[in-house]
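Written below as structure tokens is the structure these notes are about.
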Amino acid sequence: MSHESIFDSRTRKSNLVSFKLEDIRLQVENNEVADVTVNLDYIDGLNPSELKNVVPIANKIKDYLTNYPNNPNDLFEVINRNLTEELLTDDNLGLSEVLDSLSVNLDAAPAIIPFQFDSTSTRTPNSDINDIISFRLEDVTSPIDGGIVADVTVNLDYLDGIDSSVFKDVIPIGNYIKDFLGNYPVEAGLYEVLNRDLTQGLLNDSNIGLSGVLDSLSVNLDVSPKIIPFQFDTTITRTANGDINNIVSFQLEDILLPIDGASVADVVVNLDYIDEIDPNAFKDVIPLGNFIEDYLTNYSHPNDSFEVVNNNLGNALLTDSNLGLFSVLDSLTVTLGASPGVIPFQFNNTATLTPIGTTIFGGSEFTQFCDIYGIV
């Protein structure tokens with residue numbers, strides 16, 4: 001951010017105000033540089049005259065971080081927690097009387113932490129506090145399937161109101177992940193199972209100490225195309241009480257459809273597995289990708305709209321007994337992104353199906369409700 005500008009973006013909708021400060025140099029060890037994004041969620045129905053000028057708020061943030069008054073070796077999570085408290089308790093700013101909540105995201109450039117890292121702290125005037133830490137490791141290798149390369153994104157959702165002294169240093173967590181993946185003992189297998197094993201290892205490791213301090217741990221494993229010949233990622237979320245959620249996503253690009261003459265589309269699929277499902281029930285995505293490509297390239301109703309094509313594709317995927325998705329999924333979501341053609345602009349349609357027989361059928365301009373066999 002230049003010295004002439006206090007913030008580079010400001011969005012006001014209803015009673016939510018957001019702004020972002022860039023390249024703030026923190027008065028901490030190594031003079032780290034961070035971007036700061038602030039969300040002010042005002043009390044519903046507040047008189048517009050009570051909305052606050054963001055310039056003094058931005059100045060307060062910049063002054064606080066560039067002259068940080070506490071231990072310069074504090075973790076970024078602690079710095080952010082202290083910043084949100086300072087903003088809400090400053091009588092001159094007057095935020096505590098007008099906000100439902102204040103959220104600050106501190107996005108630190110890689111330095112002492114050698115990878116992308118950000119901390120989001122959300123406070124309410126009645127002292128509720130939520131802290132979420134995110135970081136990303138790029139180009140991590142694993143010997144599974146002859147060697148893969150993956151990006152790993154981790155979200156640590158701490159117990160609400162937890163004492164800031166128990167925040168964990170993310171560097172040992174990142175090292176654990178790289179070591180776990182780099183020495184994974186299974187030569188061949190599904191990446192969903194690899195990710196399930198990784199999240200379990202993270203929560204069970206007593207040296208890391210995450211199991212007693214988190215509401216949930218989420219790990220996204222984004223694998224570069226190799227054995228799986230298209231973009232693929234798996235997200236595993238584990239909660240403190242043992243719940244496990246598994247979501248698998250993949251994308252097929254430039255599929256040729258014989259509708260409206262000829263159309264080219266990208267297809268994004270999200271498989272939301274039944275919580276706590278046995279890892280043996282995970283499905284290989286390569287046959288799913290082959291099924292989608294074959295279904296679309298040989299689609300037999302050339303006059304159907306993209307919405308109908310996508311709905312039919314979702315139904316076919318969910319009900320095909322050879323694929324076996326019906327008994328293992330909470331929901332299936334398919335997004336069909338058509339390149340401009342007969343429709344002269346970018347167009348996406350998303351259909352979400354559940355085994356209980358409900359489809360949410362979305363388009364660029366409308367939403368319709370369908371049962372599993374067609375439009376109601």
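Looking at the chain as a GNM with Cα springs under 10 Å, which of Asn80, Asn349, Asn280 has the largest mean-square fluctuation?
It is Asn280.
When the chain is treated as a GNM, springs tying every alpha-carbon pair under 10 Å, which of Asn31, Asn130, Asn241 comes out with the largest mean-square fluctuation?
Of Asn31, Asn130, Asn241, the most mobile in the Gaussian network model is Asn241.
In bins 10 Å wide, starting from 0, what share of all Cα pairs of the chain does each bin hold, as a percent?
For the chain, the pair-distance distribution reads 5, 20, 23, 24, 20, 8, 1.
Based only on the alpha carbon positions, what is the Kirkwood hydrodynamic radius of the range 79-203, in angstrom?
By the Kirkwood definition, the hydrodynamic radius is 16.6 Å.
Would you mind counting up the charge near Ile228? Only other residues with Cβ under 13 Å from its Cβ, with Lys and Arg at +1 and Asp and Glu at -1.
Neighbour charge sum, excluding Ile228 itself: -3.
Can you give the accessible area of Thr235, probe radius 1.4 Å, in Å² rounded to 10?
Counting only protein heavy atoms, Thr235 exposes about 30 Å² to solvent.
Springs between alpha-carbon atoms under 10 Å, Gaussian network over the chain: tell me which of Leu99, Leu221, Leu156 tops the mean-square fluctuations.
The residue that fluctuates most here is Leu99.
Does anything in the range 255-295 have its amide N under 13 Å from the 7 Å Cα→Cβ label point of Ser327, and if so which residues?
278, 281-282
Using just the Cα positions, wrap the range 146-235 in a convex hull and report its mean projected area in square nanometres, one decimal place.
6.0
Stick to Cα atoms and the Kirkwood definition of Rh, then tell me Rg/Rh for the range 177-336.
When Rh is taken as the Kirkwood radius, the ratio is 1.04.
Which number gives the lysine pairs in the chain that have C-alpha atoms under 25 Å apart and are eight or more places apart or on different chains?
11
Roughly how much of Glu307 is accessible, in Å² to the nearest 10, using a 1.4 Å probe?
Only protein atoms counted, so the area is about 30 Å².
Could you compute the net charge surrounding Gly146? Neighbours are other residues with a C-beta less than 12 Å from the C-beta of Gly146; K and R count +1, D and E count -1.
-1
Equivalent-ellipsoid semi-axes (√(5λ), Cα gyration tensor) for the range 277-344, whole Å, largest first?
For the range 277-344, the semi-axes come out at 26, 12, 11 Å.
Given the C-alpha centroids of the range 195-236 and the range 144-185, what is the distance between them in whole angstrom?
For the range 195-236 versus the range 144-185, the Cα centre distance is 7 Å.
Can you tally the net charge around Phe180? Count Lys and Arg as +1, Asp and Glu as -1, for every other residue whose Cβ sits under 13 Å from the Cβ of Phe180.
Local net charge: -1.
The values are calculated or read from the model by the stated rules, or taken from the named source; none is laboratory data. Since we're looking at a predicted model, the values are computed, not measured. We place every Cβ from the backbone using ideal geometry, glycine too, and count neighbours over all the protein chains shown. Remember, those area values only see protein heavy atoms, side chains included, never the ligands or the DNA or RNA. Shrake-Rupley method; radii C 1.70, N 1.55, O 1.52, S 1.80 Å.
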